[in-house]
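See below for the structure under consideration.
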Amino acid sequence: MFFVAQDLLKNNSDAEECENDTYLGLWKSIPPAEPKNFKAFCLKITRNLAMKKLDYYRAEKRDFAKTIYYEDVLNEVSDLELHIRDDKESDLSQCIDEFLGRLKKKKRIIFVLRYWQLMSVKEITEECGMSKSQVETILCRIRKQLGSWLIERKFYHE
């Protein structure tokens, strides 16, 4: 959990705080919640806490090119409206996991770096040794594929 927060915040004390807050969040949420994947559940709580901390630090100087939340990618994949009942949220998560599992490793890495690690396109180009246009094209194609994937599985409705 610490490493997820550290990757986003780049600050040990903030990452430790997020880790401690994650334990508190788990303590409060586990009795009513029954996560199917406990590790993913923990990491999601940690990531959300780290994102809130990032928002706090960037309140005056938001870098919108870099602060695209992973969940917000869903708004980029289709013009249609996303409809998810609370009891189907885990189905959406599994559907996205399945989609990502079908991508080639390089594409999956680029997607995760952009929408989970919140790296800018420039940072991804440096990390992967690719040109800016290659990374942008790959991301655009993945978003279109994800949109089609979710439409086929009835997560988007007209």
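The values are calculated or read from the model by the stated rules, or taken from the named source; none is laboratory data. The structure displayed is predicted, hence computed values, not measured ones. Methodologically, a virtual Cβ is constructed for each residue, glycine included, from the backbone with ideal geometry; neighbour enumeration extends over all protein chains shown.
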Inset, instruction - Please list, ordered by first then second residue, the pairs with beta carbon atoms under 7 Å, 6 or more apart or interchain, first in region 122-146 and without any contact (Cβ under 8 Å) to a residue 24 or more places away in the chain, second surrounded by fewer than 11 Cβ atoms within 10 Å (Cβ to Cβ). - result: 125/131
Legend entry - Matching entry among 144, 122 (being of a type in the set (Lys, Arg), exposed (fewer than 14 other Cβ atoms within 10 Å of the Cβ), in contact with a helix residue (DSSP H, G or I) (Cβ under 9 Å, 6 or more places away or on another chain) and closer than 20 Å to residue 104 by Cβ): 144
Legend entry - In region 71-116, the residues that are of a type in the set (Gly, Ala, Ser) and at pLDDT 80 or above: 101
Inset, instruction - Quickly run through region 101-119 and pick out the residues that are outside any loop (DSSP other than H, G, I, E, B), out of contact with any Phe, Trp or Tyr (no Cβ under 7 Å at 6 or more places or on another chain) and touching a residue at least 12 places away in the same chain (Cβ under 8 Å). - result: 106, 107, 109, 110, 111, 112, 113, 114
Inset, instruction - Residue by residue through region 24-56, note down the ones that are surrounded by fewer than 13 Cβ atoms within 10 Å (Cβ to Cβ) and either touching a Gly at 6+ places or on another chain (Cβ under 9 Å) or not hydrophobic (A, V, I, L, M, F, W, C) (or both). - result: 28, 29, 31, 32, 34, 36, 39, 52, 55, 56
